[in-house]
Amino acid sequence: MTTPPLPKLPAHDDAGPVPAPPIGDGRFLLAAARNPQEALTLAFVGVIGRALDAGRRPLIRGLAEPDFQRLLAAFFPGAALRNGDPGQAPPDEFDELLELLLESRREPSETLTWLSHAIAAAAMRDNHLWQDLGLPHRPLLSELMATCFPALATLNVGDMKWKKFFYRQLCERAAVPICKSPNCADCVDVADCFGHGEGAAPRP
């Protein structure tokens, strides 16, 4: 099976030039990238760059060092970085979300395995997922999800915010009630789940 062409960052949109994502210490990676306009490349740069900014290791959680080095060779040839020692894993939902993403890959490729780790790692952070992935806007994340995790993306029929959607999926898998209302329209959290604000928001 061949993965369809991955979405790219357009040079312009209806509002004018598209700004580069704020990637901090990841800028040198973008300079080394094979495809610097590709959404997948930007996501890896964003996750790695934010980890470097914060002085966190590993740079992409859950990836063994040989896997991380293959990622660098594939996307950022010549870049010299180590993922780092994972240390003690925090008590969060990373493993459960990673499992969901791995099960939902369009194909069991190494590239989509790396992306699954990057998305799961970013989802453990505090802002909107598109921000924690270093993408310039949310629609590009939705395109990336539809391309790489189509079966999962089609379940997000209401365009719920991606972190909220992931946690809803995890709760359903664990048979944990997530809303007392019979449908989302009646739920008190509907604005948090389906609002499209651009500012930072706490991780659900």
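The values are calculated or read from the model by the stated rules, or taken from the named source; none is laboratory data. This structure is a prediction, so every number in the text was calculated from the model and none was measured. All Cβ positions, glycine included, derive from the backbone under ideal geometry; neighbour counts span all protein chains shown. To get the accessible areas, we keep the full protein, side chains included, count just its heavy atoms, and leave off ligands, DNA and RNA. Shrake-Rupley method; radii C 1.70, N 1.55, O 1.52, S 1.80 Å.
Assorted remarks:
- Residues in segment 52-74 that are part of a helix (DSSP H, G or I) and either open to solvent by 20 Å² or more (accessible area, probe 1.4 Å) or under 15 Å from residue 122 (Cα atoms) (or both): 52, 53, 54, 65, 66, 67, 69, 70, 73, 74.
- Inspection of segment 32-39 identifies no residue that is small (Gly, Ala, Ser), modelled with pLDDT under 90 and out of contact with any Leu (no Cβ under 8 Å at 6 or more places or on another chain).
- Failed item in (1) over 20 Å from residue 30 (Cα atoms); (2) assigned to a loop (DSSP other than H, G, I, E, B); (3) open to solvent by less than 60 Å² (accessible area, probe 1.4 Å), with residue 79 passing the rest: (1)
- One residue from 83, 35 being touching a Ser or Thr at 6+ places or on another chain (Cβ under 9 Å), of a type outside the set (A, V, I, L, M) and touching a residue at least 12 places away in the same chain (Cβ under 8 Å): 35
- In segment 131-165, of all residues being open to solvent by 40 Å² or more (accessible area, probe 1.4 Å), of a type in the set (A, V, I, L, M, F, W, C) and more than 13 Å from the chain's Cα centre (by Cα), the one that is nearest to residue 113 (Cα to Cα) corresponds to 151.
- Of all the numbered requirements in (1) of a type in the set (Phe, Trp, Tyr); (2) within 17 Å of the chain's Cα centre (by Cα); (3) at pLDDT 95 or above; (4) more than 19 Å from residue 136 (Cα to Cα), residue 94 misses one, and that requirement is (3).
- Sub-7 Å Cβ pairs linking a first residue in segment 93-106 that is under 13 Å from residue 148 (Cα atoms) to a second residue that is modelled with pLDDT under 95 and in a loop (DSSP other than H, G, I, E, B), at least 6 apart or interchain, are 106/3, ordered by first then second residue.
- The one condition from (1) in a helix (DSSP H, G or I); (2) open to solvent by 30 Å² or more (accessible area, probe 1.4 Å) that residue 106 does not meet is (1).
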